[in-house]
Amino acid sequence: MTVVETEAFREVCYRCRRARAVCLCPALTPITPAARIVFLQHPREARNAIGTVRLAHLQLEGSTIIEGVELAASAETMALFERERARSVVLYPAKNARPAEELRAHAGPLTVWVLDGTWNQAKKLWTKNPWLHALPAYTLNPTVPGNYRIRKEPAPHCLATIEAVTQLLDLIADAPGRHQGLLRAFETMVDRQIAFTQGGNGRVRRKIRKTKRTFAFPEGCDPDRVVLVHAEGSGHVARSRGGDNELCEWHALRPSTGERFYAQVATHVPIAESVRTKLGIDAAPIDREAFEARWRAFKGDDACLGWGRYAPALYERGLEPYWDLRDILTDFLKKRLGYVEDGTRRLGLTPAADPRRGHRRIGHLAALFAHARSL
């Protein structure tokens, strides 16, 4: 038994690929099988610490493990397939699969190709390797449930790969129990795993793993093709409710280039002096049509990204596609962010100060957008 120490100084057995403290090599039993077994193993299953194919391979003389998904690209695999094709079958529950009982007391040499992985992984192996479809397919009909108690199976009759191969080889040899020695290491692994997950009080210990969520903008929202927008109104009550709140300032920033857009828009009702002072308006506005022409030329085909639904409601003429950054961040961070200034404060961001409210708020929005891109 060859031993190597990992970075954490845990000794590992190279042969069974388990920690030396739980090495399964003493439980392995060399067996001359009734047929040659070729395991086609999905790469993700190969990294499964409680997989069973390696245990079977170490015990079955002449067996082979081939790891991959689309295996036709492997010249070595295709050469093996051509050499063994005339005497090969595949163990897989295909639509045209025949019962494995038909192989009982099979005469002559036989090679069995076995797909290893979860049911979805095995299905992918079957789909991605149509050359296997040329082989007769056989399926097992287990009479007793499997013993794979440390892994959830889709149905009681489902078996671990090593259990399925053991039953199949017994059928081919027409000798019940002849290959049962294969299961000794498997059962040892299962028993040990269950013992390690039991606490001193008999309760199952479960390690709670915190998975880091990955932030992503919604499908269709390309962060490289957006324009940040912010609007200011002339009053506090919407016109739909009998008030005089009209669009009077429009701010926009294209983060990908740093280009800015700003317009003061003429309103039907004169803006109160208190509002002009609060917003810092000190220039003559342009009429709505001139604003629309300038804005469309600046925006181009980019989408709009704002904070809340105030900007599109004030714009009134349709601002699609429009994405609400407050909703996007709230959904990801699971916290209320409030107004745009509240959002930067709660996330610890410090955008540049500006005495003019609209200019200040588009700066806050830019800081929140940059923060979202950094998540």
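A few remarks follow.
- Note on the stretch 87-98: residues that are buried (at least 20 other Cβ atoms within 10 Å of the Cβ) and free of Cβ contacts under 8 Å to residues at least 12 places away in the same chain total 0.
- Against the test of being touching a residue at least 24 places away in the same chain (Cβ under 8 Å), in a loop (DSSP other than H, G, I, E, B) and basic (Lys, Arg), the options Arg336, Arg317 yield a single qualifying residue, Arg317.
- Residues that are in contact with a strand residue (DSSP E or B) (Cβ under 6 Å, 6 or more places away or on another chain) and of a type in the set (Gly, Ala, Ser), drawn from the stretch 54-68: Gly62, Ser63
- All of Glu61, Glu101, Glu84 fail the test of being out of contact with any Ser or Thr (no Cβ under 7 Å at 6 or more places or on another chain) and either surrounded by fewer than 21 Cβ atoms within 10 Å (Cβ to Cβ) or modelled with pLDDT of 95 or more (or both), apart from Glu101.
- Residues that are of a type outside the set (D, E, K, R), in contact with a helix residue (DSSP H, G or I) (Cβ under 9 Å, 6 or more places away or on another chain) and farther than 26 Å from Tyr322 by Cα within the stretch 273-302 comprise Gly280, Ile281, listed in sequence order.
- Test: residue in the stretch 20-38 that is assigned to a loop (DSSP other than H, G, I, E, B), over 13 Å from Val165 (Cβ atoms) and of a type in the set (D, E, K, R): no
- Flag for Ser256 being within 36 Å of the chain's Cα centre (by Cα), among the hydroxyl-bearing types (Ser, Thr, Tyr) and either in a strand (DSSP E or B) or surrounded by fewer than 15 Cβ atoms within 10 Å (Cβ to Cβ) (or both): yes
- The stretch 340-352: number of residues that are part of a loop (DSSP other than H, G, I, E, B) and free of Cβ contacts under 8 Å to residues at least 12 places away in the same chain: 2
- Cβ separations smaller than 6 Å between residues 6+ apart or across chains give the following pairs from the stretch 182-193 residues that are in the same structural domain as Leu24 (by TED's automatic domain parsing) to residues that are of a type in the set (Ser, Thr, Tyr) and part of a helix (DSSP H, G or I): Leu182/Thr166; Leu183/Thr166.
Each row is one residue, and each column tells you yes or no for (1) in contact with a strand residue (DSSP E or B) (Cβ under 9 Å, 6 or more places away or on another chain); (2) crowded, with 16+ Cβ neighbours inside 10 Å; (3) not in a strand (DSSP E or B).
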| residue | (1), (2), (3) |
| --- | --- |
| Ser274 | no, no, yes |
| Ile281 | yes, yes, yes |
| Ala284 | yes, no, yes |
| Ala290 | yes, no, yes |
| Ala293 | no, no, yes |
| Ala297 | no, no, yes |
| Asp301 | no, no, yes |
| Ala313 | yes, no, yes |
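- Annotation: of all residues in the stretch 105-116 being surrounded by 16 or more Cβ atoms within 10 Å (Cβ to Cβ) and modelled with pLDDT of 90 or more, the one that is farthest from Asn48 (Cα to Cα) is Leu110.
- Selection status of Asp174, on the phi > 0 side of the Ramachandran plot and at pLDDT 90 or above: yes
- Tally, over the stretch 16-39, of residues that are surrounded by 17 or more Cβ atoms within 10 Å (Cβ to Cβ) and out of contact with any Phe, Trp or Tyr (no Cβ under 6 Å at 6 or more places or on another chain): 13
- Hey, Val269 assigned to a helix (DSSP H, G or I), among the β-branched types (Val, Ile, Thr), surrounded by 12 or more Cβ atoms within 10 Å (Cβ to Cβ) and more than 33 Å from the chain's Cα centre (by Cα) or not: no
The values are calculated or read from the model by the stated rules, or taken from the named source; none is laboratory data. Small disclaimer: the values here were computed from a predicted structure and weren't measured. Counting neighbours? That spans all protein chains shown, and the Cβs are built from the backbone with ideal geometry, glycine included.
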